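Participant: Sharing a structure, written as structure tokens. Questions coming.
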Ligand SMILES: [Zn+2]
């Protein structure tokens, strides 16, 4: 076999290997075989079941940076001012009224309007938009009142062509998990975001209006 034949055969094999390698991060809907690479926003493709990286255009990144700066600052201020307990603290919700209740260390309660934004799993980095939860869960469907804001955010994302806001299932890191809630709070004109551990593996993220203190 000549050198050129060998080279051709080698290239063919390499070409085959490339062809076999999926063009997406995963070619299977089984996401257990895929791990979040630590940066970027990925989504589970509704067409092929694979995982693709989402496009993050400059206007999206600018918006995220602005929201994240203002909402995280006002959130920290309100946590301090209202002595809102951190994770593991006392909070509860009246989902039908979409009312969030924080109980302060002294027993006083703060009430606020809220929207459920999404659910994030720190182990898999999967993010489920709350507007997809009614389809995703057979049970534990959130009431409609909790979803009004997040549905508006999805429409907003569709208008602007911001794919991370319109794909139902994402994979993203912790900073971006907060950013999704920041975007929702900004859209509502609300100053605050909050997350709460809801089971062994998931946090729920909320956008919250300015709380009112009541004794
Ligand atoms: Zn696809």
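The values are calculated or read from the model by the stated rules, or taken from the named source; none is laboratory data. These numbers were taken from a predicted model, which means no experiment stands behind them. Methodologically, a virtual Cβ is constructed for each residue, glycine included, from the backbone with ideal geometry; neighbour enumeration extends over all protein chains shown.
Participant: Under 6 Å between Cβ atoms, which residue pairs at least 6 apart in sequence (or on different chains) link something in the range 146-157 that is within 15 Å of residue 193 (Cβ to Cβ) with a partner that is surrounded by fewer than 21 Cβ atoms within 10 Å (Cβ to Cβ) and modelled with pLDDT of 95 or more?
Facilitator: 149/188; 153/187
Participant: Which is in contact with a strand residue (DSSP E or B) (Cβ under 6 Å, 6 or more places away or on another chain) and surrounded by fewer than 17 Cβ atoms within 10 Å (Cβ to Cβ), of 150, 193, 212? So that I can check it myself, show each step before the final result.
Facilitator: On the way: 150 fails: surrounded by fewer than 17 Cβ atoms within 10 Å (Cβ to Cβ); 193 fails: surrounded by fewer than 17 Cβ atoms within 10 Å (Cβ to Cβ).
On inspection, the qualifying residue turns out to be 212.
Participant: Follow-up question, since we're still on this one. Considering each of 56, 96 in turn, give the residue that is more than 16 Å from the ligand (Cβ to nearest atom), assigned to a loop (DSSP other than H, G, I, E, B) and surrounded by 13 or more Cβ atoms within 10 Å (Cβ to Cβ).
Facilitator: That would be 56, the only listed residue that is more than 16 Å from the ligand (Cβ to nearest atom), assigned to a loop (DSSP other than H, G, I, E, B) and surrounded by 13 or more Cβ atoms within 10 Å (Cβ to Cβ).
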